[in-house]
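J.: Quick one: the structure is below, and I'll ask about it shortly.
Rule-based calculations on the coordinates, nothing more; no lab input. Bear in mind that the values here come from a model prediction, so they are computed numbers and not experimental data. FYI the Cβ positions are ideal-geometry reconstructions off the backbone, even for glycines, and counts take in every protein chain you see.
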Amino acid sequence: MCLLAERLENARPDARDPADSSTEPSSLAEWTDFHEKIDLLPEPEREVFHLLWYEGLNQEQAASLLGVTSRTVKSRWRNAKLSLQQMLSSGPS
């Protein structure tokens, strides 16, 4: 399993830590592949992923911003992480 897939698997449900250098991808190609695969997520999951991973919002903040329940955000976050894990473990796009 690549480092990004491991990082997703271990991600807390409402937080991210992009500054954690122990799990940084070993190459620019791996980061590029990661971002390309995020773009393949369905829009609702991609929105939640963007808000939690890139923007650093917690699930309640994302729910408020999107006008959905925190349960919906949790479900979309879980689905996004599972989809990304599968895509990343299948290799580069």
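J.: From the phi of every residue in the stretch 37-45, what ³J(HN,Hα) in whole Hz does the Karplus formula 6.51 cos²θ - 1.76 cosθ + 1.60 yield, where θ is phi - 60° and glycine or proline is x?
T.: 6, 4, 5, 7, 5, x, 3, x, 5
J.: Rank-order 73-83, 37-47 by packing density, defined as the average count of other C-beta atoms within 10 Å over each peptide's residues, highest first.
T.: Descending packing order for the listed peptides: 73-83, 37-47.
J.: Okay, next question. In whole Hz and in residue order, list the ³J(HN,Hα) couplings for the stretch 75-90 that follow from phi through the Karplus curve 6.51 cos²θ - 1.76 cosθ + 1.60, θ = phi - 60°; x for Gly and Pro.
T.: After applying 6.51 cos²θ - 1.76 cosθ + 1.60, I find 5, 5, 5, 4, 5, 4, 5, 5, 4, 5, 4, 5, 5, 5, 6, 7 Hz.
J.: I've got another one for you. Please give the length that would be gained between Leu28 and Gln86 if that part of the chain were fully extended, namely 0.36 nm times their separation in residues minus their C-alpha to C-alpha distance (nm, one decimal).
T.: 18.9 nm
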